[in-house]
Amino acid sequence: MEEVPQGCPGADSAQAGRGTSCQGCPNQRLCASGAGAVPDPAVEEIKEKMKTVKHKVLVLSGKGGVGKSTFSAHLAHGLAEDEDTQVALLDIDICGPSIPKIMGLEGEQVHQSGSGWSPVYVEDNLGVMSVGFLLSSPDDAVIWRGPKKNGMIKQFLRDVDWGDVDYLIVDTPPGTSDEHLSVVQYLAAAHIDGAVILTTPQEVSLQDVRKEISFCRKVKLPIIGVVENMSSFVCPKCKKESQIFPPTTGGAEAMCQDLKVPLLGRVPLDPHIGKSCDKGQSFFVEAPDSPATAAYKSIIQRIQEFCNSHQSQNANLISS
């Protein structure tokens, strides 16, 4: 199919090829014939590929710059501290892939093997895949429309040889766009454990998180919970706590109570986090005694508990 117009009802809609937005679209005749509604065979291929992956967690944010990729990276680092736990980190932020920098993997390249693309490994039990590994320079711009982004995500999910994995962490771009729809569609048959949604305390961020929660509910994506990042700053000298982003409407806690969504925890600001990301090192190693490290560890434990209970529920459904 060629590029689709804005307002496209979708190839599987009853209005496919017949809606007003279909007029002038090069795919109009194809959609009207019903041929475009044929299920994508990649969904079954990905389902088969994901049989070796126990848990799948998406990391979302309504707004950019709230620390989503930093959280994804440290969620992966935290889970991988158990040497018996195999962790995979997939970066589907096609236009802004920051995971290679945060994980200390800039300049690495993807290698092809007989079983597919090989991830780039930080540790023996922590593999990473990102479009950043496919660029000739980290300064190269990725100027792609939706269909090409979707094709890249499909290829990542279907062709990367992760092996046996306990946790697949998917770092997504901000918002609710093509990338989010694609990853949910392709992983639906493989059962996603749920989504972790990042926010900062101020209302300008929370209003976009409400949209993200609405998106999850519409596509039937379980919500593991919300993480309030940059919740406060404790001065390392005088120990006084300051609100850098004032929670004028009650912050994430009030929003979570209102929308009946779990608040997984709050991560305070710590300058060491930014420094660790720039150096491509784990913040947990750089600042093990930081209040932010303790907050991260608590949040990671809650995510693990959710995934384990989700796995038990799925097992009960299959056996019943």
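Just to compare against my own numbers: the Cα pair-distance distribution for the chain, 20 Å bins, whole % per bin, please.
Whole-percent P(r) values from 0 Å outward: 30, 57, 12, 0.
Would you kindly state how much longer the chain becomes between Asp82 and Val204 on full extension, computed as 0.36 nm times their sequence separation minus their alpha carbon distance, in nm to one decimal? Show your work: numbers first, answer last.
Working: separation 122, 0.36 × 122 = 43.92 nm, distance 3.70 nm.
Gain in length upon complete extension: 40.2 nm.
Scan around Asn229 for amide H atoms under 5 Å from its own, H built in the peptide plane at 1.01 Å from N, and keep only partners 5 or more places away or cross-chain.
Here Thr199, Thr200, Val267 satisfy the definition.
For Leu263, enumerate residues with amide H under 5 Å from its amide H, sequence gap 5+ or separate chain, H modeled in the peptide plane.
Val226
In region 238-304, which trypsin sites (Lys or Arg not before Pro) are in a loop and have at most 10 other Cβ atoms within 10 Å, using DSSP for the loop call?
Details: sites: Lys239, Lys240, Lys260, Arg266, Lys275, Lys279, Lys297, Arg302; in loops: Lys239, Lys240, Lys260.
Taking region 238-304 and a limit of 10 other Cβ atoms within 10 Å, the loop trypsin sites (Lys or Arg not before Pro) found are Lys239, Lys240, Lys260.
Where a ≥ b ≥ c are the square roots of the eigenvalues of the C-alpha gyration tensor, would you call region 209-320 rounded, which needs a/c under 1.5, or, failing that, prolate if a/b is larger than b/c, or oblate? The partial results should precede the final answer.
Numbers: a/c = 2.58, a/b = 1.54, b/c = 1.67.
In terms of gyration-tensor shape, oblate.
Count the net charge of all other residues whose Cβ sits under 15 Å from the Cβ of Ser232, scoring Lys and Arg as +1 and Asp and Glu as -1.
Here the count lands on -1.
Mind grabbing the accessible area of Asp161 for me, 1.4 Å probe, Å², rounded to tens?
50
Could you tell me the accessible area of His55 in Å² (1.4 Å probe, neighbours in place), rounded to the nearest ten?
Only protein atoms counted, so the area is about 10 Å².
Taking Lys279 as the anchor, which lysines have their alpha carbon closer than 20 Å to its alpha carbon, excluding any fewer than eight residues away along the same chain?
Counting by Cα, and skipping residues close in sequence, Lys279 has these lysines nearby: Lys68, Lys101.
Please give the length that would be gained between Ser21 and Glu286 if that part of the chain were fully extended, namely 0.36 nm times their separation in residues minus their C-alpha to C-alpha distance (nm, one decimal). Intermediate values should be presented prior to the final figure.
Working: separation 265, 0.36 × 265 = 95.40 nm, distance 5.34 nm.
Full-extension gain reported as 90.1 nm.
Separation between the Val142 and Lys240 pseudo-spin-labels, each 7 Å from Cα along Cα→Cβ, expressed in nm?
Taking the simple label geometry, Val142 and Lys240 are separated by 4.4 nm.
Show that you can apply the helix-only estimate: for the chain, add -39,500 (n - 2.57) for every DSSP H stretch of four or more residues, divide by all residues, and state [θ] at 222 nm to the nearest 500. Please list the in-between numbers first.
On the way: 11 runs with 123 residues, N = 320.
My calculation for the chain gives -11500 deg cm²/dmol from helical runs alone.
Give the long-range amide H neighbours of Leu89: residues separated by 5 or more places, or on another chain, with amide H under 5 Å away, using H modelled in the peptide plane at 1.01 Å from N.
So Leu89 has HN proximity to Gly127, Val128, Met129, Ile169.
By how many nm would the segment from Asp159 to Lys220 lengthen if fully extended, with 0.36 nm per residue of separation less the alpha-carbon distance? Walk me through the intermediate numbers first.
Working: separation 61, 0.36 × 61 = 21.96 nm, distance 2.56 nm.
Here the answer is 19.4 nm.
The values are calculated or read from the model by the stated rules, or taken from the named source; none is laboratory data. Since the model is a prediction, treat every value here as computed from it, not as a measurement. Virtual Cβ from ideal backbone geometry, glycine too; neighbours counted across all protein chains shown. Accessible surface areas use protein heavy atoms only, side chains included; no ligands, DNA or RNA. Shrake-Rupley method; radii C 1.70, N 1.55, O 1.52, S 1.80 Å.
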